[in-house]
Every structure is written in C-alpha cells, then in structure tokens.
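Okay, structure first, notes after.
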Amino acid sequence: MASMGPREARQARSQRRSRFGCRNCKLRKLKCDEGKPQCKRCCSFGVLCNFMSNIPDLQPIAADTGHALAAREKPALRPPITNAVWTSDASTSFQLNTKCQDFITRYLGRSLTTPNDPNMRQVNSKLLELAFTYPFLMHASLAVALTYDRHLNSSIDGHRTLEECYHWSQSTVLFNKRLREPIVAKDKDPIWGTAAALAILTFSSPNASTPEQSWPLKYSTSSLDWVRMIQGKMSLWHTINPLRRDSLFRVMAATYADILAPLPEDGIEGIPRAVAAVCNLSESSTSKSSPYLEAAHAVSQVLDLPDSEVTTGPVNFFIRSIHGTYEELLRDRDPVALVLLYLWYRKAGRSIWWIELRARVECPAICLYLRRYHQGNGAVQAFLPGGEFDDRRGC
C-alpha cells in the first residue's frame, strides 16, 4: 500500500470484507454492511441474507418464499432462534415467518373448507396441531389459507400468488415423497388432511382468469385435472380409513355418509322434469343405458336446497358421479354434460368458496360455449341466463 496514493489507499481499505458480515458477501468478496435481517448487498442481488447457519449460500429469494417474506419486511432485529416457530419432522423443517404465523391465527384455527360446519372446525383445529410435526401438511394448510385470503380480497381475475405456488409446490413434493414410504397409523390423519387440501387447491386454481381464456372455450388436456385429483384422494380411502376409531375425521361420519351414499341406478324420481328432459331420461332409464343418469340424480340433490344447506356432503355427491362415460362426455364438451356441470357450479359456487373460485370463470365460460356452438339446442339454452329455467341469478 506504500506505493499507492492517498485516494487509492482509501479505496483499497473500503473494499476489505467485514469480519462479521454474511457468508454471501464473503463469497462474493464484497464488504457487508451487516444489516439485519437482510444486508443491502444481498437485498439488491436478490438472495437471502445468511447470517444464520440454516440459510444456504446464495439462495435466491424466489426459491424460498417462507424466508423471502421476512426479508421484504421492514428491517428489524432477528428474534433469538429459541423464539422462532418451526414445523419439522425427521427429515424436513420449515421456519414460519410473520405472515405464516398470522395466517395460522386468522385462518387455520377455524374451518376454511366449510366455515359454518362445527365438525370441520374441530377437525381443522386438530390438523393444525399435527401440522407442526408434518411439514407437508403445514405447507398444504398455508397454501389453502393463502387461496382463501385471495378469495376474500381479490377481484374475479385474481391470480395465484407466489406464496400460494410455493407452499403448494413444497407440499406436493414432500407429500409424494411420504407416499413412497410405508404408511403407519400415526401418519394416516395428516396424510388424509393433506390429500384433501391438495384436492381443494387443484379445484380452486383454474388456469384461466377470464371466461374467454377458460375451458370449455379454450380446450386443454389438463382442464379437468381436478377430477383426477379428487379421485386420487378417494383412492386413499381404504388405506387411511378416515372413519376408523382413532381417526380425528370420525366426527365427519354423517358428511362421509352423504358423499359415499349409493347413486341411483335407475328411474328419475327426484330429478326435476326439465333436467330429465334435457338428458332424455325416463322411468325406464338406467345408469347403463344413459351416461347422464347418475350425474342428473347427483346434481338434483342440491338444486332445491337453501344455499346455507349446500355443504360438503351434497356437493361431493355430484363430484363422485364424474366418471366413466360421463367424464368422457365432459372432456369432449358434450352440451348436456356441460349443462349438468353448469347447474352444479351455479348452485355450489354460491355456498362454498373454493368452488366459487373456479365457478366464477368456468360457469360463464360454459354459458358462452353453449350459446356459441349449440345455439339451436333449445332444451340446453333454456337453462342459461334469460332462459325458461334460469333461476335469475345467472352465472
């Protein structure tokens, strides 16, 4: 330094790295300002500051939303690690930031799927306790809470947030990993709770934000993925047995009885005359002779119910009817199959928020599709807004 002038010497001293700076700055050979919880160098570079040993070197902010949220808040002293809130199991851990903890207080201690159901509130409270030892359940629960928050606070074109996508993705990865291992008794409830949450997330997250972008107007092979996701959840039924004696889901026995009730295999008793007519059903119709019979019976279960009584049981009764030939007709955008789905959306979407998130784009999309491509089918048009059998609430 003796060969340098005063100005060069000052610049050389200013480039010395801090003894107590973060590891990222040391790796990048930069002077750290030692700001906490996020130094200015890391903030501008887009990585998580790693004064703490549990944060990887040069971790991009977008790759760890849980820590990124804390990094974007107003700088403050990081609380001692003993005061942190964690969820962890034998192989995975996740530190909950302030927003996650707030969502637990506001949302996860109550029933999100059906807010007025006391049994679901009891189930959700017990699942929340389990979430602190099963990270895949915690991530799924936070993703559902974030989706519910978006439902409450966004317009019709509200897009999924980065936080939603992060927790949904993390839950899916960890859950799939867990399902590759033997399922022991203590893991059955968190596995069933996570499967239910992932089914809700898939259903409530259409790939379009406007009717014109939505199925059935825009065809995609992934348009009915929610059907397969719910079927996948139900495939775990016999392995998990949510009605076993020690299951926390046992209090939902009446709801499951509604969901699993046998679908009528013949006749049209209970089906409104107009619905039977559009499906070309008669007293002699059977589930083998008509692909619409089971779906028509299922949707008829909710059509005359007051909105306050449209709960998980009756709603899932229709979802169960989507299989076999009827599912194929939906994928082919058959007009009668679409009318039955439209009637279900129109009713269930007024009562259950996670159905409403999809219904508010797909319900009007079905209307537009049927008007555009099946204008000459008077029986179908009669169910659309302004038609003879419109309930005056529209799409």
**Message:** Need the failing condition index for Lys99 against (1) in the same structural domain as His167 (by TED's automatic domain parsing); (2) at pLDDT 75 or above; (3) in a loop (DSSP other than H, G, I, E, B), just the number.
**Reply:** (3)
**Request:** Among the residues of region 176-205, write down those that are in contact (Cβ under 8 Å) with a residue 24 or more places away in the chain, part of a loop (DSSP other than H, G, I, E, B) and surrounded by fewer than 20 Cβ atoms within 10 Å (Cβ to Cβ).
**Result:** Ile183
**Request:** Could you tell me whether any residue of region 167-175 is part of a helix (DSSP H, G or I), under 23 Å from Arg244 (Cβ atoms) and either of a type in the set (Phe, Trp, Tyr) or in the same structural domain as Thr92 (by TED's automatic domain parsing) (or both)?
**Result:** yes
**Asked** Does region 218-255 hold any residues that are of a type in the set (Val, Ile, Thr) and not in a helix (DSSP H, G or I), and which are they?
**Response** Thr221
**Message:** Please determine whether any residue of region 339-355 is at negative phi and without any contact (Cβ under 8 Å) to a residue 12 or more places away in the chain.
**Reply:** no
**Residue in region 336-352 that is surrounded by the most Cβ atoms within 10 Å (Cβ to Cβ), counting only those that are under 15 Å from Asn316 (Cβ atoms) and within 19 Å of the chain's Cα centre (by Cα)** = Ala348
**Failed item in (1) modelled with pLDDT of 95 or more; (2) over 28 Å from the mean Cα position of the chain (by Cα); (3) of a type in the set (Asp, Glu), with Glu294 passing the rest** = (2)
**Request:** Could you give me the residue pairs with C-beta distances under 6 Å whose first residue belongs to region 317-336 and is assigned by TED's automatic domain parsing to the domain that holds Tyr369 and in contact (Cβ under 8 Å) with a residue 12 or more places away in the chain, whose second residue is assigned to a helix (DSSP H, G or I) and among the charged types (D, E, K, R) wherever it lies, and which are 6+ apart or on separate chains?
**Result:** Ser321/Glu294
**Message:** Checking the conditions here, which among Ala261, Ala197, Ala208, Ala254 is under 19 Å from the mean Cα position of the chain (by Cα), at pLDDT below 90 and not hydroxyl-bearing (Ser, Thr, Tyr)?
**Reply:** Ala208
**Asked** Only one residue in Ala68, Ala145, Ala131 is farther than 30 Å from Pro211 by Cβ, crowded, with 18+ Cβ neighbours inside 10 Å and at pLDDT 75 or above, so which one is that?
**Response** Ala131
**Request:** For region 310-334, name all the residues that are of a type in the set (Val, Ile, Thr), part of a helix (DSSP H, G or I) and modelled with pLDDT under 95.
**Result:** Thr312, Val315, Ile319
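The values are calculated or read from the model by the stated rules, or taken from the named source; none is laboratory data. Since this is a predicted model, take the numbers as computed values, not measurements. All Cβ positions, even for glycine, are placed from backbone atoms using ideal geometry, and neighbour counts span all protein chains on display.
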